[in-house]
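Peer 1: Handing you this structure, nothing more for now.
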Amino acid sequence: MSVSSDPAPANNRFPTAALQAMDAAHHLHPFTDHKALSAEGSRVIVKAEGSTLTDSEGNRILDGMSGLWCVNVGYGRDRLAEAAYAQMKELPYYNAFFKTTTEPAARLSEKLSEITPEGLERVFFANSGSEAVDTMIRLFRHFWLLEGKPEKQVLIGRMYGYHGSTMAAASLCGMSAMHAQAHLPLPGFEHVMQPDHYHLGLDGESAADFGLRAAKAFEDRILAIGPERVAAVVAEPIQGAGGVIIPPETYFPEVQRICRKHDVLLVADEVICGFGRTGQWWGSDTFGISPDLMTMAKGLSSGYLPISALMVGARVSKTLVEEGGEFFHGFTYSGHPVACAVALENIAIMEEEGLVERAGHEIGPYLQDGLRSLADHRIVGEVRGVGMIGAVELIRDKDGPVFFEPEGDVGTRCRDHCFANGLVMRAVRDVMVIAPPLVATRTEVDQMIDRARRAFDATALDLGL
Ligand code: PMP
């Protein structure tokens, strides 16, 4: 391994091989081929600071993915640990079921209504992005019943959209492998094309024209289903897990116009884009969306504790509150006081350190320049990104472009080379994805770009290119 090595950290009490054996024998990992992983053995991460992970062998690895797009304020924040400790000592748990609340839950509700776009004033708490998405689905179905339109139940998402792994959230995803394995989607879920100009644009079609065509796919589908049956359109501002698909500027204003015209709710899934990732607080700000509902998770606590939220806009909350009637939904840990206390402290850090402004105007543009400097590489096609999220398309030939076949093998190979060079980048098909902590320094960004280039060199060499 060519990454720098420290002696094994003191708090790693078990030898790596013992941990790997326990893990291989008992731990079923998410989104993993268990047979392949058992043969290979897991990498054990033992500590992290800022943007750097340390594994059980003392290797230091730059985390270009903020964990799973979540550690926005970086690792090793004492303030977050202290906020959790203080709240656990004071009140480790109480629920919000029996007309009760807690101070952190009430304060976080108000804070979220203050920092989210105009009109989103009420919040329902959950623990993961998937749960927030399921909550959204339950809530808008209830909403349309209250509105006296019980047939308005169909939800439209997009191909390569990712919204989570529970049955309803996975149905909303546009991921064919997930669907095939679990007999999904459930009834009432439809999908239209993703706004991916690089792969789906026609010869000579401008990004602006393509954006309008991709938006029209929603209108065509709404009309085919019948507007009286379509409840909502759900979209990530940038499709993160689908390969950082960034829509043309023309896309969302048109999607929004279509939704309003047909009385269809518009939901922004901000689980990745929220909390400064795109250089503004919300992807909705970056792409000009005024959503009726908004889901968030990840950056809400910077991943320090599980917490997610569904923000509910005036149109929906007015009916819910005025019409009354119990909403038969919720989780034991909805509004968990410790998670809420950590989220409040996390938002305070983001505000005090100006991390969103930094992502928009300082380190974000610096990262984007660095990524674009990779465009001259032999196996690099389109480079795209905004703020602290970006993607690099790996291609066989720039002329065309010609993509690799079978799709995905080269991406996985390149991801392994990134790891070996001390960098976490994620491969989505043959798209290399990056989303570093918003606190990454210029030196760290330089190192990430340098290591990515070395990984691309090694990948090209493997392929004889
Ligand atoms: N929505 C989006 C946009 C996501 O990216 C994700 C996870 N990557 C989810 C929902 C699901 O979140 P979780 O894994 O916390 O359930």
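The values are calculated or read from the model by the stated rules, or taken from the named source; none is laboratory data. As the structure is a prediction and not an experimental result, all values here were calculated from the model. Using ideal geometry, Cβ is built from the backbone for each residue, glycine included, and neighbour counts are taken over all protein chains shown. We work out accessible area using only protein heavy atoms, side chains counted, and drop any ligands, DNA or RNA first. Shrake-Rupley method; radii C 1.70, N 1.55, O 1.52, S 1.80 Å.
Peer 1: Keeping all protein chains in place and using 1.4 angstrom, which order do Glu82, Glu444 fall into by accessible surface area, from largest down?
Peer 2: Glu82, Glu444
Peer 1: For the pair Val402/Arg43, report the inter-label distance in nm, with labels modelled 7 Å from Cα in the Cβ direction.
Peer 2: 3.2
Peer 1: Here is a further query. According to the Cα gyration tensor, what semi-axes, each the square root of 5 times an eigenvalue, does the equivalent ellipsoid of the stretch 83-206 have, listed from largest to smallest in whole Å?
Peer 2: 34, 19, 17
Peer 1: To check you understand DSSP bridge types, tell me what percent of the beta bridges within the chain (both residues inside) are antiparallel, rounded to 5.
Peer 2: Values: 33 of 49 bridges.
For the chain, the DSSP antiparallel bridge percentage is about 65.
Peer 1: Roll a 1.4 Å probe over the protein heavy atoms and report the accessible area of Arg442 in Å², nearest 10.
Peer 2: Approximately 110 Å² of Arg442 is accessible to the 1.4 Å probe.
Peer 1: Separate question: How big is the accessible area of Arg77 in square angstrom, nearest 10, if you roll a 1.4 angstrom probe over the protein chains?
Peer 2: The accessible area of Arg77 comes to roughly 50 Å².
Peer 1: Let me ask you something else. Just the number, please: carbon plus sulfur as a percent of the accessible area of the stretch 286-378, 1.4 Å probe, no ligands or DNA/RNA counted.
Peer 2: The C+S portion of the solvent-accessible surface of the stretch 286-378 is 53 percent.
Peer 1: Follow-up. Where a Cα-Cα gap under 19 Å defines reach, which aspartates and glutamates qualify for Lys47, not counting those fewer than 8 residues away within the same chain?
Peer 2: Excluding near neighbours in sequence, the set is Asp6, Asp23, Asp55, Glu57, Asp63, Asp78, Glu82, Glu444.
Peer 1: Same structure again: Per residue, how much accessible area does the stretch 61-108 have with a 1.4 Å probe, in Å²? Numbers along the way, then the final one.
Peer 2: Values: 2650 Å² over 48 residues.
Per-residue value: 55 Å².
Peer 1: May I ask you to list the residues of the stretch 331-350 whose amide nitrogen lies under 14 Å from a point 7 Å from Cα along the Cα→beta-carbon direction of Arg107?
Peer 2: Within reach of a label on Arg107, which here means backbone N under 14 Å from a point 7 Å along Cα→Cβ, the stretch 331-350 contributes 337-349.
Peer 1: Expressed as a whole percent, how much of the Cα-Cα distance distribution for the stretch 1-145 exceeds 23 Å?
Peer 2: Working: 6249 of 10440 pairs.
Roughly 60 percent, once rounded to a whole number.
Peer 1: Taking θ = phi - 60°, what integer Hz values does the Karplus form 6.51 cos²θ - 1.76 cosθ + 1.60 yield along the stretch 15-23, in sequence order, with x for Gly and Pro?
Peer 2: Each residue's phi maps through the Karplus curve to give x, 3, 4, 5, 5, 5, 5, 4, 5 Hz.
Peer 1: Now for a separate question. What value does the stretch 14-97 have for Rg/Rh, both radii from Cα atoms and Rh as Kirkwood defines it?
Peer 2: Result for the stretch 14-97 is an Rg/Rh of 1.07.
Peer 1: If you take every residue apart from Gly161 with its C-beta less than 9 Å away from the C-beta of Gly161, what net charge results, scoring Lys and Arg +1 and Asp and Glu -1? The partial results should precede the final answer.
Peer 2: Working: positive: Arg158; negative: Glu236, Asp269.
Within the 9 Å Cβ shell, the charges total -1.
Peer 1: Sticking with this structure for a sec: Below 11 angstrom from the Cβ of Lys152, what's the summed charge of the other residues (Lys, Arg +1; Asp, Glu -1)? Show your work: numbers first, answer last.
Peer 2: Values: positive: Arg141, Lys149, Arg229; negative: Glu147, Glu151, Glu228, Asp263.
Cβ neighbours under 11 Å give a net charge of -1.
Peer 1: Under the Kirkwood approximation for Rh and a Cα-based Rg, what ratio Rg/Rh is obtained for the chain?
Peer 2: 0.96
Peer 1: Could you give the length gained by full extension between Leu68 and Glu353, i.e. 0.36 nm per residue of separation minus their alpha carbon distance, to one decimal place?
Peer 2: On the way: separation 285, 0.36 × 285 = 102.60 nm, distance 2.21 nm.
Full extension from Leu68 to Glu353 adds 100.4 nm.
Peer 1: A further question follows. Using the eigenvalues of the Cα gyration tensor, what equivalent ellipsoid semi-axes result for the stretch 196-336 when each is taken as the square root of five times the eigenvalue, whole Å, largest first?
Peer 2: Values: eigenvalues 160, 94, 27 Å².
Calculated on Cα positions only, the semi-axes equal 28, 22, 12 Å.
Peer 1: Just need log10 I(q)/I(0) for the stretch 394-465 at q = 0.17, 0.21, 0.24 Å⁻¹, Debye formula, equal scatterers on the alpha-carbon atoms, no solvent, rounded to two decimals.
Peer 2: So the normalised log intensities work out to -0.62, -0.88, -1.07.
Peer 1: With all protein chains present and a 1.4 Å probe, how do Phe331, Phe31 order by accessible area, largest first?
Peer 2: Phe31, Phe331
Peer 1: Something else about it: At a probe radius of 1.4 Å, what is the per-residue accessible area of His417, in Å² to the nearest 10?
Peer 2: 40
Peer 1: Still on this structure: Points 7 angstrom from Cα along the Cβ direction at Arg257 and His361: gap in nanometres?
Peer 2: 3.2
Peer 1: Taking the convex hull of the alpha carbon atoms in the stretch 55-137, what volume per residue do you get, in Å³?
Peer 2: 169
Peer 1: Rounded to whole Å, give me the distance from the Cα center of the stretch 117-181 to that of the stretch 312-371.
Peer 2: 17
Peer 1: Could you compute the FRET efficiency for Thr32 and His179, with r as their C-beta to C-beta distance and R0 at 22 Å, rounded to 0.05?
Peer 2: That pair, Thr32 with His179, gives E of 0.75.
Peer 1: With θ set to phi - 60° and the Karplus curve 6.51 cos²θ - 1.76 cosθ + 1.60, what are the ³J(HN,Hα) couplings of the stretch 89-101 in order, to the nearest whole Hz, using x for Gly and Pro?
Peer 2: Taking θ as phi minus 60°, the curve returns 5, 6, 7, x, 7, 7, 8, 10, 7, 8, 6, 10, 9 Hz for the stretch 89-101.
Peer 1: Follow-up question, since we're still on this one. Going by accessible area, probe 1.4 Å, with all protein chains left in place, what is the ranking of Leu155, Leu465, largest first?
Peer 2: Most to least solvent-accessible, the answer reads Leu465, Leu155.
Peer 1: Can you pull the three principal axis extents for the Cα set of the stretch 137-181, in Å, largest first?
Peer 2: Cα spread of the stretch 137-181 along its principal axes, largest to smallest: 36, 17, 14 Å.
Peer 1: Another one. Determine the equivalent ellipsoid of the stretch 14-55 by diagonalising the alpha-carbon gyration tensor, then write out the semi-axes as square roots of 5 times the eigenvalues, largest first, rounded to whole Å. Display every interim value, and only then the final one.
Peer 2: Working: eigenvalues 87, 35, 12 Å².
So the equivalent ellipsoid measures 21, 13, 8 Å along its semi-axes.
Peer 1: Here's something else I'd like to know. Residues with beta-carbon under 10 Å from that of Ala132, excluding Ala132: net charge, scoring Lys, Arg +1 and Asp, Glu -1?
Peer 2: Combined, the nearby Lys, Arg, Asp and Glu give -4.
Peer 1: Give the whole-number value, in cubic angstrom per residue, of the convex hull volume spanned by the C-alpha atoms of the stretch 346-465.
Peer 2: Values: hull volume 11.4 nm³, N = 120.
Given the Cα convex hull of the stretch 346-465, per-residue volume reads 95 Å³.
Peer 1: Greater than 28 Å separation of Cα atoms is the criterion. Which listed pairs, Lys35/Lys398; Lys89/Lys298; Lys216/Lys318, meet it?
Peer 2: Listed pairs above 28 Å: Lys35/Lys398; Lys216/Lys318.
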